[in-house]
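What follows is one structure encoded as structure tokens, with my remarks underneath.
The values are calculated or read from the model by the stated rules, or taken from the named source; none is laboratory data. The model shown is predicted, which means the values in this text are computed figures rather than measured ones. Glycine gets a Cβ as well: all are built from the backbone with ideal geometry, and neighbour counts include every protein chain shown. These accessible areas exclude ligands, DNA and RNA; they are computed on the full protein's heavy atoms, side chains included. Shrake-Rupley method; radii C 1.70, N 1.55, O 1.52, S 1.80 Å.
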Amino acid sequence: MSNTAHDDEWVRKPASASVGTNCTAAQYDSMYAESLADPDRFWAAQADRLDWIKRPTKIAGWNYDPVDIRWFEDGKLNICHNAVDRHVAAGHGDRVALIFEPDSPDAEGRHITYAQLQTEVIRMANTLKKLGAKKGDRVTIYMPMIPEGVFAMLACARIGAIHSVIFGGFSPDAIAGRVEDCESDWIVTADQGLRGSKIVPLKANVDEALEKVSVKAVLVVRHTGGEIAMREGRDHWYHEVSQGVDDECPCEPMDAEDPLFILYTSGSTGSPKGVLHTTGGYAVWTETTFRYVFDYRPGEVFWCTADIGWVTGHSYIVYGPLQNGATALMFEGVPNYPDHDRFWAACEKHKVNIFYTAPTAIRALMREGEAHVAKHDLSSLRLIGSVGEPINPEAWRWYHEHVGAGAVPVIDTWWQTETGGVMITTLPGAHDMKPGSAGLPFFGICPQLVDNDGDVLEGAAAGNLCITRSWPGQARTVYGDHDRFIQTYFSTYAGKYFTGDGCRRDADGYYWITGRVDDVINVSGHRMGTAEVESALVLHAYVSEAAVVGYPHDIKGQGIYCYVTLKVGEEPSEELAGELRQWVRKEIGPIATPDHLHFTPALPKTRSGKIMRRILRKIAENDFGSLGDTSTLADPSVVETLIEGRQNR
Ligand code: WT7
């Protein structure tokens with residue numbers, strides 16, 4: 001990946017009046033200043049755009065030591081009401097809320113208005129109630145990218161149930177672990193999903209997961225019509241059980257700090273954590289970031305290509321756009337089916353105004369050549385965005401030039417599952433851009449760079465990225481394990497939220513995210529704990545030890561490189577390598593498939609038995625000329641053997 005980035009390489013924001021209605025440079029400066037000087041006033045004003053059952057009088061209420069985060073604490077609201085009902089009540093029931101673009105361009109899509117969305121959400125909510133779900137219960141959603149997935153999320157929010165969406169690419173074991181962790185008694189799924197014409201056996205995966213854990217009911221949406229098993233008494237077809245449910249369902253009044261959802265995400269240790277977001281702060285944060293970051297105007301079509309199984313889908317397919325009364329496009333398929341122009345064909349077809357995708361998709365499409373883009377009229381595009389991993393300047397420029405016609409602003413938005421919404425970005429009408437830099441902090445955000453000793457770095461510097469003050473969209477805890485929340489995010493640098501990312505700030509105050517500094521890797525914008533892949537590998541009967549590291553990958557950003565030692569008597573082979581790859585796919589899911597499997601008789605360890613990952617990373621990067629100090633290794637000769645057997649040549 002070519003990564004030449006320059007601090008002084010500016011791309012000027014367009015002078016045209018077609019950007020920046022919601023925030024000019026002067027407005028950003030004064031709003032940012034106010035958000036820090038008087039956060040209560042600032043956030044009370046943003047919160048005022050929402051409908052509250054009881055308007056909050058307490059705004060910021062947080063402490064990082066001990067960790068206790070609250071926003072809008074005495075307010076009451078319902079986010080489903082804010083995303084759906086209030087738009088209908090305001091006379092916008094005919095406005096399109098969701099455009100569904102199916103996997104096959106020949107299949108029929110859907111346009112769902114706000115009024116229809118309300119009807120659908122009520123039907124789903126009353127069906128969940130009929131099956132026994134109620135306020136505070138956890139409902140697992142394991143769905144393809146179809147509107148019913150959104151209905152299910154909003155239905156949970158409506159009745160006060162806590163949704164836990166699991167990405168459709170995760171394995172039965174991953175489903176079982178998550179259902180068990182949050183003690184979820186309900187699963188909403190579909191018979192099957194479709195991605196690039198391939199079938200995803202969702203219900204079959206749920207069945208397999210339910211051999212390990214049990215739930216009260218599984219609600220199954222019929223999508224492909226494929227053959228599936230239904231277990232009497234446990235599994236219910238949505239189209240059957242929803243028959244005759246009431247067509248009214250009041251929105252449950254929620255305290256601002258009542259939980260809204262759990263979303264599992266990988267960290268440097270252990271199994272994925274159930275990051276918990278609550279209602280009021282998340283509602284305000286997603287409404288406000290969507291409005292300003294995407295500079296949204298009524299009537300525009302917004303397309304975020306993420307899956308609802310990730311936080312990007314939660315915040316920028318569902319809650320951000322819908323709370324703003326926007327039209328959000330939802331795409332079931334993949335960028336290269338039936339051909340590499342699918343994104344651009346859909347942009348043209350639906351006259352998309354704002355397009356938001358991941359660098360890995362941009363790089364993959366860039367490799368196929370710009371002819372796929374040039375075939376389509378993309379003149380509706382007004383703003384294009386990137387999220388999920390650092391975007392290399394080469395991909396940024398290609399995106400800007402070919403998709404954005406060299407004129408449309410690009411926003412590179414840095415944030416995390418834990419932050420709920422965008423934290424660092426340029427605002428399209430306010431800021432000039434620098435390819436490869438996310439830009440400047442959003443309102444209320446105080447980034448700080450610290451060195452490994454925790455000393456604060458001022459001015460132009462590179463270090464570990466912390467955030468010193470809370471913001472409304474911040475995760476409140478890890479579900480069922482507040483100590484783990486504190487340990488993971490607030491113990492490395494006391495009194496600060498530590499992001500896990502490395503970052504550089506240039507002389508203009510622009511932030512350049514350099515990637516994770518912990519044992520988390522980012523594969524195609526998906527977060528993966530190396531420890532998770534290692535745990536999966538050592539579950540195999542032949543594996544003795546495993547060490548997993550990331551290495552730079554042209555398309556995926558990072559690839560997964562696994563070092564494996566086998567039990568005595570087992571022999572490495574191509575066949576076993578293939579089997580282990582399949583094994584990891586089965587244990588975690590296809591996104592965790594190892595790119596390289598390197599059998600080695602031993603791993604490099606210190607005398608105290610600690611694996612020296614630094615050396616393993618270097619060898620995986622094929623950069624073994626600079627291994628640094630290897631004298632502390634218990635057996636330095638291991639390194640020679642590893643270099644000889646390196647897989648990434
Ligand atoms: C990690 C968070 C944000 C929603 C999708 C991913 C990396 C994210 C950027 C960006 C550089 C980025 C970070 C972060 N990341 N956006 N614009 N530039 N890096 O959410 O799965 O929670 O992953 O993704 O490393 O810590 P996530």
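Quick one: is D94 touching a Ser or Thr at 6+ places or on another chain (Cβ under 8 Å) and surrounded by fewer than 21 Cβ atoms within 10 Å (Cβ to Cβ)? First the steps, then the outcome.
Details: touching a Ser or Thr at 6+ places or on another chain (Cβ under 8 Å): yes; surrounded by fewer than 21 Cβ atoms within 10 Å (Cβ to Cβ): yes.
For D94, the condition - touching a Ser or Thr at 6+ places or on another chain (Cβ under 8 Å) and surrounded by fewer than 21 Cβ atoms within 10 Å (Cβ to Cβ) - is met.
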Restricting the stretch 524-549 to residues that are open to solvent by 10 Å² or more (accessible area, probe 1.4 Å) and within 14 Å of the ligand (Cβ to nearest atom), which is farthest from the chain's Cα centre (by Cα)? E532
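Going through the stretch 285-299 one residue at a time, which ones are in a loop (DSSP other than H, G, I, E, B) and open to solvent by 10 Å² or more (accessible area, probe 1.4 Å)? Can you show your working first?
In the first step, residues of the stretch 285-299 are kept if they are in a loop (DSSP other than H, G, I, E, B); the result is 294-299.
Answer for the stretch 285-299, where residues must be in a loop (DSSP other than H, G, I, E, B) and open to solvent by 10 Å² or more (accessible area, probe 1.4 Å): Y296, R297, P298, G299.
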Go through the stretch 332-380 residue by residue and tally those that are under 23 Å from the mean Cα position of the chain (by Cα) and assigned to a loop (DSSP other than H, G, I, E, B). 9
Meets criteria (closer than 30 Å to L202 by Cβ and either in contact (Cβ under 8 Å) with a residue 12 or more places away in the chain or assigned by the TED database to the domain that holds S271 (or both)) for K556: yes
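Of all residues in the stretch 373-396, which are more than 16 Å from the ligand (Cβ to nearest atom) and either surrounded by 19 or more Cβ atoms within 10 Å (Cβ to Cβ) or under 26 Å from G473 (Cβ atoms) (or both)? So that I can check it myself, show each step before the final result.
Pass one, the stretch 373-396, residues more than 16 Å from the ligand (Cβ to nearest atom): 373-382.
Once the filter is applied, which keeps residues that are more than 16 Å from the ligand (Cβ to nearest atom) and either surrounded by 19 or more Cβ atoms within 10 Å (Cβ to Cβ) or under 26 Å from G473 (Cβ atoms) (or both), the stretch 373-396 yields V373, L378, L381, R382.
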Would you mind finding the one in G91, G61 that is at positive phi and not hydrophobic (A, V, I, L, M, F, W, C)? G91
Being surrounded by 24 or more Cβ atoms within 10 Å (Cβ to Cβ) and either touching a Phe, Trp or Tyr at 6+ places or on another chain (Cβ under 6 Å) or closer than 30 Å to T492 by Cβ (or both) is the filter here, so list the residues in the stretch 64-82 that pass it. W71, F72, G75, L77
Going through (1) more than 30 Å from I467 (Cβ to Cβ); (2) outside any loop (DSSP other than H, G, I, E, B); (3) in contact (Cβ under 8 Å) with a residue 40 or more places away in the chain; (4) of a type outside the set (S, T, Y) one by one, W396 fails only at (1)
Strands (runs of 3 or more DSSP E) within the stretch 162-277 that include 3 or more residues open to solvent by less than 20 Å² (accessible area, probe 1.4 Å) and not assigned by the TED database to the domain that holds E587: 162-165, 186-190, 217-221, 259-265
Filter result (within 21 Å of E73 (Cα to Cα) and within 16 Å of the ligand (Cβ to nearest atom)) within the stretch 478-498: V478, Y479, F485, Y497
Mind checking whether some residue in the stretch 441-461 is within 27 Å of G270 (Cα to Cα) and open to solvent by less than 10 Å² (accessible area, probe 1.4 Å)? yes
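Restricting attention to the stretch 438-445, does a residue exist that is closer than 15 Å to E389 by Cβ and among the β-branched types (V, I, T)?
Going residue by residue through the stretch 438-445, those that are closer than 15 Å to E389 by Cβ are 438.
Then keep just the ones that are among the β-branched types (V, I, T); that gives none.
Within the stretch 438-445 (the criterion being closer than 15 Å to E389 by Cβ and among the β-branched types (V, I, T)), the answer is no, since none of the residues qualifies.
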For the stretch 300-331: of the residues being in a loop (DSSP other than H, G, I, E, B) and open to solvent by 10 Å² or more (accessible area, probe 1.4 Å), which is farthest from the ligand (Cβ to nearest atom)? E300
Filter the stretch 502-521 for residues that are open to solvent by less than 30 Å² (accessible area, probe 1.4 Å) and farther than 17 Å from C446 by Cβ and give the result. G502, D506, W512, G515, V520, I521
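Does the stretch 563-573 contain at least one residue that is within 16 Å of the ligand (Cβ to nearest atom) and open to solvent by less than 40 Å² (accessible area, probe 1.4 Å)? Before you say what the answer is, go through the steps one by one.
Filtering the stretch 563-573 down to residues within 16 Å of the ligand (Cβ to nearest atom) leaves none.
Scanning the stretch 563-573, I find no residue that is within 16 Å of the ligand (Cβ to nearest atom) and open to solvent by less than 40 Å² (accessible area, probe 1.4 Å), so the answer is no.
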Write out, first by first residue and then by second, each pair whose Cβ atoms fall under 7 Å of each other, whose residues are 6+ apart or on separate chains, and whose first residue, in the stretch 15-37, is outside any helix (DSSP H, G or I) while the second is surrounded by fewer than 17 Cβ atoms within 10 Å (Cβ to Cβ). T21/R297
Residue hits (the stretch 417-460; out of contact with any Gly (no Cβ under 8 Å at 6 or more places or on another chain) and on the phi > 0 side of the Ramachandran plot) are G436, G439, G444, G454, G459
Return the residues of the stretch 359-372 that are touching a helix residue (DSSP H, G or I) at 6+ places or on another chain (Cβ under 8 Å) and either more than 16 Å from the ligand (Cβ to nearest atom) or of a type outside the set (K, R) (or both); say none if nothing qualifies. P359, A361, I362, L365, M366, E370, H372
In the stretch 403-446, the residues that are among the aliphatic types (A, V, I, L, M) and assigned to a strand (DSSP E or B): V410, I411, I424, M433, L440
I'm checking my understanding of the structure. Among residues of the stretch 478-501 that are in contact with a strand residue (DSSP E or B) (Cβ under 7 Å, 6 or more places away or on another chain) and among the aliphatic types (A, V, I, L, M), which one is surrounded by the most Cβ atoms within 10 Å (Cβ to Cβ)? V478
Out of D518, D508, D501, report the one residue that is within 16 Å of the ligand (Cβ to nearest atom), modelled with pLDDT of 95 or more and not polar (S, T, N, Q). D501
Within the stretch 418-439, which residues are buried (at least 23 other Cβ atoms within 10 Å of the Cβ), charged (D, E, K, R) and more than 9 Å from the ligand (Cβ to nearest atom)? K434
